[in-house]
Amino acid sequence: MANHSQLGFQDASSPIMEELVEFHDHALMVALAICSLVLYLLTLMLMEKLSSNTVDAQEVELIWTILPAIVLVLLALPSLQILYMMDEIDEPDLTLKAIGHQWYWTYEYTDFKDLSFDSYMTPTTDLPQGHFRLLEVDHRIVVPMESPIRMIITADDVLHSWAVPTLGVKTDAIPGRLNQTSFITTRPGVFYGQCSEICGANHSYMPIVVESTPLKHFEAWSSLLSS
């Protein structure tokens, strides 16, 4: 959960988010090195009188042509690797279907015979003490920890977007189309997200809450709800 005056990302709770944070830091260091080099050269040109032989040197032109290409490769390779990892869905242990409505979510546990519910934002007047305003819901998604989860996402009316930042998940919910993504929670906890598509007047009142629990707790919860 993000807090006030936080400058960095939320703590990663999935392998994909860990890779995204690492790539962000990698790209930031590359950008810092480029900015430092450009600033140094600008300062040098302002402070020193460079001769025309130095400015027109073919060696310098060769360097500033090849160096950007190397930088682009250093950024492109890890980026492509993460993109392929985000699209890879390999034998999930559990499949959930999320349906976006104006303005709430419906969840279906497709591996169970009859386990589905609607998830509405908890009104401020009914909010228990210590819970987060505009982020808490009346029915949370409960998933087993350290298990591959496949999310099938669609919408019933307009465009929505199912996003949980700490899990590194953001997938559009489009009427008439099924999009899918996957995630693995690496630790127990409660993770918050929101609809990230401007879907109408109550767009900001479609929170998402994912609760990660050990497998035995998930089995007890699912048997209680499906009974």
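The values are calculated or read from the model by the stated rules, or taken from the named source; none is laboratory data. Quantities reported herein were computed from a predicted structural model and do not represent experimental measurements. We place every Cβ from the backbone using ideal geometry, glycine too, and count neighbours over all the protein chains shown. Surface areas here come from the heavy atoms of the whole protein model, side chains and all, with no ligands, DNA or RNA. Shrake-Rupley method; radii C 1.70, N 1.55, O 1.52, S 1.80 Å.
Largest first and in whole Å, what are the equivalent-ellipsoid semi-axes of segment 123-175 based on the Cα gyration tensor, each being the root of 5 times an eigenvalue?
Values: eigenvalues 109, 64, 21 Å².
Those come to 23, 18, 10 Å.
When Lys and Arg each count +1 and Asp and Glu each count -1, what net charge do the other residues less than 12 Å away from Asp25, Cβ to Cβ, add up to? Numbers along the way, then the final one.
Numbers: positive: none; negative: Glu18, Glu19, Glu22.
Residues close to Asp25 contribute a combined charge of -3.
Towards the positive end of the charge dipole of the chain, with charges on Cβ (+1 Lys, Arg; -1 Asp, Glu), say which of Val71, Ser223, Ser182 has the farthest Cα.
Positive-most Cα among the choices belongs to Ser223.
To the nearest 20 debye, what charge dipole does segment 82-129 have about its Cα centre, counting +1 at the Cβ of each Lys and Arg and -1 at the Cβ of each Asp and Glu? Each step should come with its number before you reach the end.
Values: 2 positive and 10 negative charges, 62 e Å.
With Lys and Arg at +1 and Asp and Glu at -1, about 300 debye.
Can you check what the net charge comes to around Gly168, using other residues whose Cβ is under 9 Å from the Cβ of Gly168 (Lys, Arg +1; Asp, Glu -1)?
Numbers: positive: Lys170; negative: Glu18, Glu19.
Summing Lys and Arg as +1 and Asp and Glu as -1 gives -1.
Under the 0.36 nm per residue contour assumption, what length would be gained going from the current alpha-carbon distance of Leu41 and Lys113 to full extension?
Working it through step by step, the gained length comes to 19.2 nm.
Find the accessible area per residue for segment 144-196; the probe is 1.4 Å, ligands and nucleic acids are left out, and the unit is Å². Could you put the intermediate results ahead of the total?
Working: 2140 Å² over 53 residues.
Roughly 40 Å² per residue, with all protein chains present.
If one puts a single equal scatterer on every Cα of segment 15-87 and applies the Debye formula without solvent, what log₁₀ I(q)/I(0) results at q = 0.12, 0.20 Å⁻¹?
Results for segment 15-87 at q = 0.12, 0.20 Å⁻¹ read -0.49, -0.91.
From largest accessible area down, sort Glu59, Glu211; use a 1.4 Å probe on the protein chains. Working shown, then result.
Numbers: Glu59 125, Glu211 55 Å².
Largest accessible area first, the residues go Glu59, Glu211.
Can you tell which of Met29, Met145, Met17 shows the greatest fluctuation in a Gaussian network model of the chain with Cα springs below 10 Å?
Met29
So for segment 160-227, Kirkwood radius off the Cα pairs, Stokes-Einstein at 20 °C and 1.002 mPa s: how many µm² s⁻¹?
On the way: Rh = 13.7 Å.
D, rounded to a whole number, is 156 µm²/s.
Would you rank Met47, Met85 by solvent-accessible area, highest first, keeping every protein chain in place and using a 1.4 Å probe? Each step should come with its number before you reach the end.
Numbers: Met47 145, Met85 70 Å².
From most accessible down to least: Met47, Met85.
Under a 1.4 angstrom probe, counting protein chains only, how are Arg133, Arg187, Arg140 ranked by accessible area, largest first? Mind dumping the intermediate values first?
On the way: Arg133 150, Arg187 90, Arg140 60 Å².
Sorted by accessible area, descending: Arg133, Arg187, Arg140.
Where a Cα-Cα gap under 17 Å defines reach, which aspartates and glutamates qualify for Lys113, not counting those fewer than 8 residues away within the same chain?
Lys113 reaches Asp93, Glu219.
If you take every residue apart from Leu127 with its C-beta less than 10 Å away from the C-beta of Leu127, what net charge results, scoring Lys and Arg +1 and Asp and Glu -1? Walk me through the numbers before you get to the answer.
On the way: positive: Arg133; negative: Asp126, Glu136.
For residues surrounding Leu127, the net value is -1.
Where both residues lie in the chain, what percent of DSSP beta bridges are antiparallel, nearest 5? Working shown, then result.
Numbers: 29 of 41 bridges.
Taking every DSSP beta bridge within the chain, about 70 percent pair in antiparallel fashion.
Taking only the alpha-carbon positions of the chain and ignoring solvent, what does the Debye formula give for the base-10 log of I(q)/I(0) at q = 0.10, 0.14 Å⁻¹?
Values returned for q = 0.10, 0.14 Å⁻¹ are -0.59, -0.93.
Using the Karplus curve 6.51 cos²θ - 1.76 cosθ + 1.60 with θ = phi - 60°, what ³J(HN,Hα) values do you get for each residue of segment 131-137, in whole Hz, with x for Gly and Pro?
Whole-Hz 3J(HN,Hα) from phi for segment 131-137: 8, 8, 5, 6, 10, 7, 10.
Rounded to the nearest Å, what's the spacing between the alpha carbon centres of segment 96-160 and segment 167-181? Just the number, please.
When both Cα centres are located, 14 Å separates them.
On the full set of protein chains, 1.4 Å probe, figure out the accessible area of Ser116 and give it in Å² to the nearest 10.
We get 70 Å² for Ser116.
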